[in-house]
């Protein structure tokens, strides 16, 4: 069964800048604490990453997964789904970017659904959820810097 989480924040930067930070996947290891490596595997005709392989720390170990990115509603929405992974059966998510406060700020909603191969106890799931949702705080810090 998939576990879902959602979080919303306001980032003190214009939506296009926040979108640009969120789609600069090769730089994720610089600001996303759990991401150790991000390698773009494929790009579309506009040069945007459409498939990215990640190596991240998760639940006390290293994990690998590849996400496919959907730009159909860009730059308002950046969606993704898992192509392959080692400890996950599925990862689906999206960033939703909306102008806030005269367009100088961005309201960001982060939605994520993960289905693990092996079920975890509730307290471990909650701890993992907190770490995953830290991603939006890390995006905020990077976009505002």
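The values are calculated or read from the model by the stated rules, or taken from the named source; none is laboratory data. If you're wondering where the values come from, they're calculated on a predicted model, not measured in any experiment. Virtual Cβ from ideal backbone geometry, glycine too; neighbours counted across all protein chains shown.
Results, tabulated for the structure shown:
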| read-out | value |
| --- | --- |
| Output for the stretch 53-79, where each listed residue is out of contact with any strand residue (DSSP E or B) (no Cβ under 8 Å at 6 or more places or on another chain), part of a strand (DSSP E or B) and surrounded by 15 or more Cβ atoms within 10 Å (Cβ to Cβ) | 58 |
| Residue check for residue 125: surrounded by 13 or more Cβ atoms within 10 Å (Cβ to Cβ), at pLDDT 90 or above and in a helix (DSSP H, G or I) | no |
| Which numbered condition residue 109 fails, given (1) surrounded by fewer than 16 Cβ atoms within 10 Å (Cβ to Cβ); (2) at pLDDT below 95; (3) under 19 Å from residue 133 (Cα atoms) | (2) |
